[in-house]
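A quick write-up on the structure given underneath.
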């Protein structure tokens with residue numbers, strides 16, 4: 001690809017990112033006006049939540065087990081084996097569960113949003129909605145945003161619990177750390193704010209996934225090829241936005257040294 005082509009692609013990407021930002025503002029305005037279609041929202045909640053729960057829980061279980069293996073080796077060496085459960089719980093609640101669940105939904109749901117709405121755009125079904133005096137934002141975008149904002153925090157909590165169970169099994173079977181010691185460590189380290197912060201991140205990530213996927217679908221052009229390109233760039237953009245947003249949310253929520261450090 002030539003330098004001119006790369007510059008053009010970057011300019012197009014920035015334009016679509018700006019369009020997604022404007023769409024996010026429109027969604028907020030419409031939500032404040034109470035424009036939510038319940039039936040479409042429930043359908044999208046089913047597509048986002050129950051349809052994604054299995055892959056999210058499997059991912060969380062193995063992440064919890066792998067994390068426990070890596071942490072246990074080092075903590076036991078320094079005589080801090082009793083803190084393994086608490087460290088895993090904090091990592092899952094604050095970062096691993098919300099971020100990994102959002103990554104899964106970005107790949108599964110965000111791509112579906114971009115492909116579905118993009119196909120409607122290139123086949124002029126969006127124009128037909130305007131002809132029927134139906135706002136695509138109310139009919140297509142808001143149900144998806146609400147569904148992701150509601151279901152992603154729930155999936156985050158389920159992923160946290162599943163990852164914790166996976167870590168508990170590994171700690172007990174491979175490193176002879178009793179369930180009582182593990183759970184006591186979780187109780188001592190974990191605070192309600194850790195769980196709340198994970199749910200807040202889940203809601204924010206859900207809104208980003210839905211808005212970016214929908215916006216990339218609405219700005220699709222070029223027929224079937226354009227739909228494929230929109231799907232790919234929507235997922236990449238959603239992932240990039242999730243990681244950047246996660247940094248700023250973590251910085252705002254967890255500044256300074258935590259009191260858990262003094263328990264080691």
Among (1) closer than 23 Å to residue 113 by Cα; (2) without any contact (Cβ under 8 Å) to a residue 40 or more places away in the chain, residue 35 falls short only on (2)
Given (1) touching a residue at least 40 places away in the same chain (Cβ under 8 Å); (2) closer than 26 Å to residue 235 by Cα; (3) surrounded by fewer than 20 Cβ atoms within 10 Å (Cβ to Cβ), residue 125 misses just (1)
Looking at 206, 167, which is the one that is more than 29 Å from residue 112 (Cβ to Cβ), buried (at least 23 other Cβ atoms within 10 Å of the Cβ) and in contact with a helix residue (DSSP H, G or I) (Cβ under 6 Å, 6 or more places away or on another chain)?
167
From the list 117, 84, exactly one residue is in a helix (DSSP H, G or I), more than 24 Å from residue 21 (Cα to Cα) and touching a residue at least 60 places away in the same chain (Cβ under 8 Å). Which is it?
84
Does residue 183 fit the bill of being in contact (Cβ under 8 Å) with a residue 12 or more places away in the chain, part of a helix (DSSP H, G or I), farther than 15 Å from residue 52 by Cα and out of contact with any helix residue (DSSP H, G or I) (no Cβ under 6 Å at 6 or more places or on another chain)?
yes
Does residue 208 satisfy the criteria of being at pLDDT 95 or above and under 24 Å from residue 61 (Cα atoms)?
no
Among residues of the range 229-257, those that are under 20 Å from residue 96 (Cα atoms) and in a helix (DSSP H, G or I), counted
19
Across the range 66-79, which residue is nearest to residue 99 (Cα to Cα) among those that are surrounded by 17 or more Cβ atoms within 10 Å (Cβ to Cβ) and touching a residue at least 60 places away in the same chain (Cβ under 8 Å)?
67
Answer yes if at least one residue in the range 114-132 is under 18 Å from the mean Cα position of the chain (by Cα) and closer than 30 Å to residue 68 by Cβ, and no otherwise.
no
Could you tell me which of the residues 36, 63, 109 is part of a loop (DSSP other than H, G, I, E, B) and surrounded by 14 or more Cβ atoms within 10 Å (Cβ to Cβ)?
36
Residue check, residue 226 more than 25 Å from residue 121 (Cα to Cα), part of a helix (DSSP H, G or I) and in contact (Cβ under 8 Å) with a residue 40 or more places away in the chain
no
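The values are calculated or read from the model by the stated rules, or taken from the named source; none is laboratory data. Keep in mind the model is a prediction, meaning the values are calculated, not measured. Here Cβ is always computed from backbone atoms with ideal geometry, including for glycine, and neighbour counts include all displayed protein chains.
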